[in-house]
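Visitor: Supplied in C-alpha cells, the structure appears directly below.
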Amino acid sequence: MSETLAPEKEATVTVAVMNQLSTAKDVRAESPLHHAELDKLASRNPRAGGVSLRELKLLGHLTLRGSQQNQSFMNGCAEVLGVALPTLPLTSVEKGSVSIRWVSPDEWLVVLPADQAFEVERGLRAAIEGHYQVVNVSGGQTILELSGPNARDVLKKSTVLDVHPSQFPVGKVAGSVFAKSTALVRRSGEDTWELVVRRSFADYIWLWLQDASREYGLVIKH
Amino acid sequence: MSQKNRLQSGGRIDRSKALTFTYNGRQYKGYQGDTIASALLANGVDIVARSFKYSRPRGIVAAGAEEPNAVLQVGATEATQVPNVRATQQELYDGLVCGATNGWPSVESDMMGLMGKVGGNMMPPGFYYKTFMYPQSMWKTYEKFIRMAAGLGRAPKEVDQDEYDAVNQHCDLMVVGAGPAGLMAALTAARSGARVIIADEQSEFGGHLLSSRERIGGKSAADWVADIVEELASYPDVLMLPRSTVNGYHDHNFLTINENRSDYKGDKAPADQVRQRMHRVRAHWVVLATGAHERPLVYGYNDVPGCMIASAVSTYINRYGVVPGNKLVLMTTNDSAYQTALDWADAGREVVAVVDTRAKAEGDLVEAVRKRGIKVITGSAVIEVSGKKRVSGVTVAAIDAKGDKVVGGAQHMSCDTVASSGGWSPVVHLSCHTGSRPVWREDIFGFVPGPTVQKQLIAGGINGTYALEKVLAEGVEAGREAATRLGLTAADVQLPNVRSLSEGKAMELYHIPHTKPTSRAPKQFVDYQNDVTAAAIELATREGFEAIEHVKRYTAMGFGTDQGKLGNINGMAITAKSVGQTIPETGTTVFRPNYTPIAFGAIAGRNCKELFEPKRFSAMHKWHEENGALYEDVGQWKRPWYFPKAGETMQQSLDRECKAVRESVGILDASTLGKIDIQGKDAREFLARVYTNAWAKLGVGKCRYGLMCKEDGMVFDDGVTSCLGENHFLMTTTTGGAAGVLEWLELYHQTEWPELEVYFTSVTDHWATMTISGPNSRKLLAELTDIDLSNDTFKFMDWREGSVAGVPARVFRISFTGELSFEVNVQANYGLHVWEKLFEHGAKYNLTPYGTETMHILRAEKGFIIAGQDTDGSVTPHDLGMSWCVADSKPFSYIGKRGMMRSDCVRKDRKQMVGLKTKDPKVVLPEGAQAVADPKQPIPMDLLGHVSSSYWSANLNRSIALGFVKGGLERMGETVYYPLADGRVIEAEICSPIFLDPKGERQNV
C-alpha cells in the first residue's frame, strides 16, 4: 500500500484541527432534541408549573484532557479561556459566555458559543506544550436546563446524587447515572440545574423528564 | 347493615364521614379513619379467610402488619386488583371493593372445608414433599388443584394504569418507626441540627400511642404526639413519611421505603399523581424504633374467629371505637394484657374472666382489674375453644407452674371472644436484613437485634423495652447518640412525665398444655397462614428435622406473606422444647426484605413501558421513521434493519437493497459505530499494542483495518482506525462494542502502560456517519463536495477533509460492501441536513437506503466478518483466515500474542472460518446448523463446526454462508453435511469465504 501523503496534507501535521461549523446559508443545524419541537411546546405551554425545562442548544463543547502538573497546559488554558481550569473536584467556573466543568482530575468540559469553538481549539493548541487532548464534541451532546421549585424533586427521581443545598452548592458539578443513562449535572443557580446529556440518549432523557415532572407540571421554556 | 360493634363515641375515626365499601359482594358502612379490618369488625363480620390446608374459617387476629388471616384482594376493576392486602393496614375509602382470597366458592361455606375436616389428617407436614412430588411429571396437575384450594390472591389480568416511581433520599439519620421511641429520637436529632427522615407504616405518627389512653406530660397521648409532629414539621431538613413502610434495610445503611401515596384514598391514583413511591434512602445513621408485636398463645382451636391478640382488641376499642365481641375471656402470661380487660369493660361489655397462667398476679394493672370486680383466675389457662365459625366458649383448666401440663379439672365458660397474650416479640426484621442474627434475652423472653456492622441504633420495643417512660428515654438517648456520632452537638430533650406502673414478673409460656397429648389434642395453631400446628412441629422434630431452618422448611412455618410475624417465636419455642434444648440453642430463623409484600409497580417505578430501556437514536432517525424503516436493536441503538416498500416481503426488500448497492448506489446510516478520538505522541504505539496488526507506518491521511484480541488471543472487536495526524487517530469500533472498547483502552492505559502519553475521548455521538456505497457513489458525492474524488488522488483506504453539502466533513474511502464507498462524517447537528441533500441529488442514481440486514448480506458476499456474529470469544484471527492481520514481528508485544501461541491455538484441526455453498443453490442454511462429515452416523454425531452467517444473495442468485469447520482452511472443495432438526440434511461445499469479486477490484475503481 502506498505511503505517499495526500498533497493537501503536510507531513508535519500532528493533530487534525477542523472548523466543523458550517457557514453556508442554506445549511440547517439540528440539536439532539430538534424533533421534540420544544419551541412549539413553549408557545402553547401552561405558564405555571413546578418545573421548567429548556434546551441550551447548539453550543460549542470542548473536552480538555491534560495533567494539572503540566504548567503549560494549565497556563495555556487559563490564558486562552480567560479563566483558570477549576482544580477543586466537582466544581465549575464561569466567565462571560464560557463555562468550565471539572469532570475528573485530568478532564474538563468547556462550553462556549459554537462559533468560538474552532478559534479556542486553535488557540489552545498554539499555547500548550506537552501532552494534552482537545476534542470538539459539540455535536455529541446538549444541555438541558431544569429550573423551578420542583426541579430538585425531579433530580431526586433521576439521580442518586445528593442534591440537598448543603451537599450540592451552586456551581457544583457531578457526573453520574441519570435514570438509565448518564448526565453531567451542574447547579447553575439557586433553583437552576444544567444537565449535559449525550445526543443519542437525549430523546430518552426528554421522555424521562416529562414523565418524572408530570406531577409538578412541566413548563417548556424557549 | 348496622355497625353493631361500633361504640357511640371515642376512637380516632370521623363519625361525620361515613364511607360505603363492598366486601365479598356485599355493601357495608364504615367511617373515615377505619381500616378494612376495623370496619369489618364493626359490622360483625367474623370470617375473612379459609385456611390454607384445612380450609378452616379464620377471623381477624391482629391490628397491624402481623395479621395472618385478613389478607384480602382489593380493587374495583380488573386493572386495579391488588392481592395480599392486609385488611388491618388498608385504610377504608368510599367505594372500596375487597374480598377474601381463598374461600371457594366463598369463605362462609367452603367446599374445601369438607376436605379440611376429613382430609386434614391426611395432610401432615411435609405432605407436599411426600405426596405430590411423585411422580414428578404429575406435579403440574397437582399444582392446579392445590392453587385453587389455597391461593392468596391473584395478579390483575389487565395492565396496571397507575404511575409508580422511586426517589433517592439522603439523610444524616433515618428513624424507622414513629412511635414514642422513634418520635423522641427524631426530635432530638432534629433539634441537634441533623437531616432526618422518619417513616412509619401507619397513616398517622404515634405508633401504639394512637391506641393508648395513657397521658404524657399532662396531655393525652394523641395531643402529645401532635405537638411533636408539629415541631418536627417546622424543621426544613426533617422529612416525615407516614404510610411509608421501611421494607428493606440493606448494606451500607441503604434502606428502601414503600410510600403509599394514594392506595389509602382510592382505587386508582388521581390524574398525574403517583400511586406508590419507593424511597431509596442512604442514611449515615439509622435508629430502628420498630416496636414489638404481641405474641398470641398456642391453645386448642385457637384459630376460631373471635380469638385475637390482646393488644389488637385494645386497638380496635381505643383507636377505632369498635368492640369486636360481647363477652371476653382474656388469657395472659403477663401484666400488660390486663389493660385490654379494662378497655373492654370501659366499653361497657362483659369481661367473663381474666385467665392468668401465673400462680400469682399482683401488678398495678392486675389490681385495677380486680377492683373493677372482674374475675381473675390464676394458675390456669384456656386449653380449648369451642365454636365453629365464632367462639362460643372456652375450657379453662389449672396448669402447673411451668405450664407443662394440666393439673386441675376443666371448667367451661361461655364467651364470644378470646384475647391472648404470651408477651411481646421485638420487631427485629430490619436488623436481620443486613445479616445480623438476633440474640435471645431471658429477661424479656424475646429476640432483640444482635451485633451489627451497620451504623444502627435501636430504641424502645425493638430493644425489649416496653415501659413508656423507659421507651421515651431510650428514644432521646438514641437521638443524642446519633447526633454525637454525626459530629453534632446533641440537644437536650426533657422527658415528659408519664404514669409509672409496678409490674409482676411475666411467665415464659408459649404452648398451652391440654389434657390430651399434643398429637391428639385439638389443633393448636402456631402459624395461621400456613396451618402449622404444635403437633406438626413435634412430628417434624420426631422425623429428624431438628434444626430450626429444617423445621421451617418442612412444616412451611413462616413461609406465608406474613413471614410468620405472629407465629415464629412460638414455633421455635415448641421446637426447642420438643428436642430438649433452650431457645438460644435452637436459634431463630431470620428475615429477608421485604417486611411486607409490595406491588411490582413500586419496584419497577417509572422504568417501564417506553422508559423500560433507553432507546438511542442517530441524528437521521426522523428520516428513517418517515421512510418506513424497520429496526434492529443493536445494544440500545435503534438501527434501521431494512426499508420495505409497500407490498414487499422482507426478502424482496433485501434483494432490492442489495442489488441497488452493487448496481448503482446505496446509503447506510453508520452513525452508531463506536468512534474514539485518540491523541498523544504515543497514540501510534498504543494502537500497535492493542491491535494485532502493524501501525508503525500508517501515514497521515490513511486508514487501516484492525483486529483486537483479549489476552487469550481471541478476537473481541474490529474496525477501521484512521491516522488524522502524527499524534492523532480516529478509531472506530463495532456498534455494540463501543463502550467496552473504550473501557478496555482505558484499563490498559491506566493499569499497564500509564507511561504512554495518550488520551481517549468518545466521539461516537459527535459525528453523524453515512456510508455511500456502489459504483455511482463517486458521481453522487462529487455533486456535493469540493474534495477531489478521483481514484488517483483519493485512493481506497484514504481519508480527506472537505465540504459536503456545505458542511465541513471528513470523508473516509473505506468499504464494508466491497464496492466503491465513501463514508461521510459531519458534526451530528448537520447529519440530517447532509443526508437529505444526498437524497435530493441521489434520486437520479436510484440512491437506496439500506439497513443492517442488507449490510450483513453485502459484507458476507465479500467474506468480511462481523465481530460478535462470526466470532464468539473462541476464535483467533488465524481461525478466521485473517493471519494477514497479525504482525508478530512488532517490536513490542500486543494483547493476545501469547494467547494465540498456546498449543491449543495452533492445532491444525481448530475450527476455522470458511465459505459454504449449498449443493442446491436455492437452499439457505440455517445459522447455527452443525456440520458433520457423515450424516448417517449415530447420534451423538461428531460435530465439525457451526454456520455463523447465512443469507440469500440476490447478487449471486444463490445462497451463501460463512461457518466454522474443523481444519476447514485445508479442506477447500470438500463436502460437509448439515443434519437439521426436521430430518433434512443439507449438503454444502467448503469454499473461500469471498464469494464476490475475489480480487477486490470493485472497491478500487
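Visitor: For the charge dipole of the protein assembly as shown, defined by +1 on Lys and Arg C-beta atoms and -1 on Asp and Glu C-beta atoms about the Cα centroid, which residue among B:734, B:68, A:206 has the Cα displaced farthest towards the positive pole?
Guide: B:68
Visitor: Sticking with this one: Per residue, what accessible area does segment B:595-696 have, given a 1.4 Å probe and all protein chains present, in Å²?
Guide: Value returned for segment B:595-696: 39 Å² of accessible area per residue.
Visitor: Then there is this: Calculate the dipole size of chain B relative to its Cα centre from +1 charges on Lys and Arg beta carbons and -1 charges on Asp and Glu beta carbons; express the result in debye to the nearest 20.
Guide: Magnitude of the dipole: close to 2280 debye.
Visitor: For chain B, go through all pairs of different Cα atoms, get the mean of 1/r, take its inverse, and jot down that Kirkwood value in Å.
Guide: Radius from the Kirkwood sum: 34.1 Å.
Visitor: Reachable lysines from residue B:389, Cα under 22 Å, same-chain residues fewer than 8 places away excluded?
Guide: Within the straight-line cut-off, residue B:389 pairs with B:4, B:53, B:117, B:327, B:523.
Visitor: Something else now. How far apart, in nm, are two points set 7 Å out from the Cα along the Cα-to-Cβ line at residue B:585 and at residue B:941?
Guide: The modelled label-to-label distance comes out at 6.6 nm.
Visitor: Oh, and also: Helix-only estimate, please: 222 nm mean residue ellipticity of chain A, summing -39500 (n - 2.57) across DSSP H runs of length 4 or more and dividing by its residues, to the nearest 500.
Guide: Helix contribution divided over all residues of chain A: -7000 deg cm²/dmol.
Visitor: Could you compute how much accessible area chains A and B hide from each other, both sides summed, with a 1.4 Å probe? Nearest 100 Å² is fine.
Guide: Using a 1.4 Å probe, the pair buries roughly 6100 Å².
Visitor: Based on alpha-carbon atoms only, what is the radius of gyration of segment B:516-597 relative to the globular estimate 2.2 N^0.38 Å?
Guide: Working it through for segment B:516-597, the quotient is 1.03.
Visitor: What's the center-to-center distance, using Cα atoms, between segment B:624-640 and segment B:713-791 in Å?
Guide: Distance between centres, Cα-based: 22 Å.
Visitor: Something else: Note the angle between two axes, namely the Cα long axis of helix B:738-751 and the longest principal axis of the Cα atoms of chain B, as a number of degrees from 0 to 90, rounded to the nearest 10.
Guide: Roughly 90 degrees between the two axes.
Visitor: Dipole magnitude of segment B:633-749 about its Cα centre, charges +1 at Lys/Arg Cβ and -1 at Asp/Glu Cβ only, in debye to the nearest 20?
Guide: Once rounded to the nearest 20, the dipole reads 380 debye.
Visitor: Between the DSSP loop rule and a limit of at most 13 other Cβ atoms within 10 Å, which chymotrypsin sites (Phe, Trp or Tyr not before Pro) in segment B:611-646 are left?
Guide: Answer by residue number: B:612.
Visitor: A follow-up question, please. With a Cα-only, solvent-free Debye model of segment B:279-413, what are the log10 I(q)/I(0) values at q = 0.15 Å⁻¹?
Guide: Debye curve over Cα of segment B:279-413, log10 I(q)/I(0) at q = 0.15 Å⁻¹: -0.73.
Visitor: Take the alpha-carbon centre of segment B:284-299, take the same for segment B:344-358, and report the distance between them in whole Å.
Guide: Going from one Cα centre to the other spans 25 Å.
Visitor: Between rounded, prolate and oblate, where does segment B:354-491 land on the alpha carbon gyration tensor, with a ≥ b ≥ c its root eigenvalues, rounded for a/c under 1.5, else prolate if a/b exceeds b/c?
Guide: Since a/c reaches 1.5 and a/b is larger than b/c, the shape of segment B:354-491 is classed as prolate.
Visitor: So, one more: Build a GNM of chain A with springs between Cα atoms under 10 Å: which of A:127, A:29, A:183 gets the top mean-square fluctuation?
Guide: Fluctuation is largest for A:29.
Visitor: I would also like to ask the following. Separation between the residue B:752 and residue B:16 pseudo-spin-labels, each 7 Å from Cα along Cα→Cβ, expressed in nm?
Guide: The two pseudo-label positions are separated by 7.8 nm.
Visitor: Averaged over its residues, how many other protein chain Cβ atoms are within 10 Å of peptide A:57-63's Cβ atoms?
Guide: The shielding value for this peptide is 1.
Visitor: In the structure shown, do any of B:681/B:710; A:157/B:615; A:221/B:638; B:405/B:565; A:180/B:565 have a Cα-Cα gap over 31 Å, and if so which?
Guide: Beyond 31 Å: A:180/B:565.
Visitor: Got a number for carbon plus sulfur as a percent of segment A:34-220's accessible area, 1.4 Å probe?
Guide: Accessible surface attributable to carbon and sulfur in segment A:34-220 totals 51 percent.
Visitor: Got a sec to turn the phi values of segment A:202-208 into Karplus ³J(HN,Hα) couplings, 6.51 cos²θ - 1.76 cosθ + 1.60 with θ = phi - 60°, whole Hz, x for Gly and Pro?
Guide: Listing the rounded values in order: 4, 5, 4, 5, 4, 4, 4 Hz.
Visitor: Over chain B, what is the relative contact order in whole percent, taking alpha-carbon pairs under 8 Å and six or more residues apart?
Guide: 9
Visitor: Taking only the alpha carbons of segment B:294-343, what extent do you get along each of the three principal axes, in Å, biggest first?
Guide: So the extents along the principal axes, rounded to whole Å, are 29, 24, 18.
Visitor: Per the Cauchy relation, a quarter of the hull surface: what is the mean projected area of the convex hull of the alpha carbons in the protein assembly as shown, in nm²?
Guide: Averaged projected area of the protein assembly as shown's Cα convex hull equals 54.5 nm².
Visitor: Roughly how crowded by other chains is peptide B:942-950, in terms of the mean Cβ count from those chains within 10 Å of each of its Cβ atoms?
Guide: Going residue by residue through B:942-950 and averaging, the value is 0.
Visitor: To test your reading of the geometry: what angle, between 0 and 90 degrees and rounded to tens, separates the Cα axis of helix A:71-81 from the longest principal axis of chain A?
Guide: The angle comes out near 60 degrees.
Visitor: Given the peptides B:295-304, A:34-43, arrange them by the average over their residues of other C-beta atoms within 10 Å, most packed first.
Guide: Descending packing order for the listed peptides: B:295-304, A:34-43.
Visitor: Mind checking the full-extension length gain between residue B:271 and residue B:626? Use 0.36 nm per residue of separation minus the Cα-Cα distance, one decimal, nm.
Guide: Gain on stretching residue B:271 to residue B:626: 124.5 nm.
Visitor: Any residues in segment B:752-789 that have 50 Å² or more less accessible area with all protein chains than in their chain alone, probe 1.4 Å, and which are they?
Guide: At a threshold of 50 Å² (probe 1.4 Å), the residues of segment B:752-789 that become less exposed are B:759, B:761, B:765, B:766.
Visitor: Something else now. Convex hull volume of the Cα atoms in segment B:455-523, per residue, in Å³?
Guide: 139
Visitor: Going toward the positive end of the dipole of the protein assembly as shown, with +1 on Lys and Arg Cβ and -1 on Asp and Glu Cβ, which of B:7, B:672, B:514 do you reach last?
Guide: Working it through, the farthest residue towards the positive pole turns out to be B:514.
Visitor: If r is the Cβ-Cβ distance from residue B:392 to residue B:519 and R0 is 25 Å, what FRET efficiency results, to the nearest 0.05?
Guide: Result of the calculation: an efficiency of 0.50.
Visitor: Taking a virtual spin label 7 Å from the Cα of residue B:407 along the C-beta vector, which residues in segment B:350-376 bring their backbone nitrogen under 14 Å of it?
Guide: Once the point is set 7 Å along Cα→Cβ of residue B:407, B:357-360 turn out to lie under 14 Å by backbone N, inside segment B:350-376.
Visitor: Follow-up question, since we're still on this one. Taking the dipole about the Cα centre of chain B, with the C-beta of Lys and Arg at +1 and of Asp and Glu at -1, give me whichever of B:524, B:96, B:246 is farthest to the positive side.
Guide: B:524
Visitor: Can you tell me the 0 to 90 degree angle between the C-alpha axis of helix B:568-579 and the longest principal axis of chain B, rounded to 10?
Guide: 80
Visitor: Using a 10 Å cut-off around each Cβ of peptide A:196-204, what is the average number of partner chain Cβ atoms that fall inside?
Guide: Rounded to a whole number, the mean comes out at 6.
Visitor: Rank by packing, highest mean first: peptides B:981-992, B:276-287, B:170-181, with packing defined as the count of other Cβ atoms within 10 Å averaged across residues.
Guide: Per-residue Cβ counts within 10 Å, averaged per peptide and sorted highest first, yield B:170-181, B:276-287, B:981-992.
Visitor: Would you grab the residues whose amide H sits under 5 Å from the one on residue A:220? Only those 5+ places off in sequence or on another chain, please, with H modelled 1.01 Å from N.
Guide: It is A:53, by chain and number.
Visitor: Averaged over every viewing direction, what's the projected area of the C-alpha convex hull for segment B:801-916? Give it in nm², one decimal, please.
Guide: 10.8
Visitor: Got a sec to turn the phi values of segment B:777-787 into Karplus ³J(HN,Hα) couplings, 6.51 cos²θ - 1.76 cosθ + 1.60 with θ = phi - 60°, whole Hz, x for Gly and Pro?
Guide: Result, ordered by residue: 5, 5, 4, 5, 5, 4, 5, 10, 10, 9, 7 Hz.
Visitor: Using a 10 angstrom cutoff on alpha carbons, build the Gaussian network for chain A and name the most mobile of A:67, A:166, A:92.
Guide: Of A:67, A:166, A:92, the most mobile in the Gaussian network model is A:166.
Visitor: Under 4 °C and 1.567 mPa s, how fast does segment B:859-1003 diffuse according to Stokes-Einstein, given a Kirkwood radius computed over C-alpha pairs? Answer in µm²/s, whole number.
Guide: Estimated via Stokes-Einstein, D reaches 81 µm²/s.
Visitor: Also, quick follow-up: Looking at segment A:9-112, what % of the alpha carbon pairs are farther apart than 16 Å?
Guide: Beyond 16 Å sits 71 percent of the P(r) for segment A:9-112.
Visitor: So what's the back-of-envelope 222 nm ellipticity for chain B, counting only DSSP H runs of four-plus at -39500 (n - 2.57) apiece and dividing by all residues, rounded to 500?
Guide: The per-residue figure over chain B is -6000 deg cm²/dmol.
Visitor: Can you tell me the dipole magnitude for segment B:479-571 around its Cα centre, using point charges on the Cβ only (Lys, Arg +1; Asp, Glu -1), in Debye to the nearest 20?
Guide: Here the size comes out at about 160 debye.
Visitor: So what is the relative contact order for segment B:690-836, in percent, with contacts set as C-alpha pairs under 8 Å and at least six apart?
Guide: That works out to 19 percent.
Visitor: Using a Gaussian network model of chain A with C-alpha springs under 10 Å, which one of A:56, A:146, A:64 is most mobile by mean-square fluctuation?
Guide: So, out of A:56, A:146, A:64, the one fluctuating most is A:56.
Visitor: Using θ = phi - 60° and the Karplus curve 6.51 cos²θ - 1.76 cosθ + 1.60, what whole-Hz ³J(HN,Hα) does each residue of segment B:650-662 get, with Gly and Pro shown as x?
Guide: Per residue, the Karplus-derived 3J(HN,Hα) values read 4, 5, 5, 4, 5, 4, 4, 5, 4, 5, 4, 5, 6 Hz.
The values are calculated or read from the model by the stated rules, or taken from the named source; none is laboratory data. Just so we're clear, the structure is a prediction, and the values are computed from it rather than from any experiment. All Cβ positions, glycine included, derive from the backbone under ideal geometry; neighbour counts span all protein chains shown. What goes into the accessible areas is simple: the full protein's heavy atoms, side chains included, and nothing from ligands, DNA or RNA. Shrake-Rupley method; radii C 1.70, N 1.55, O 1.52, S 1.80 Å.
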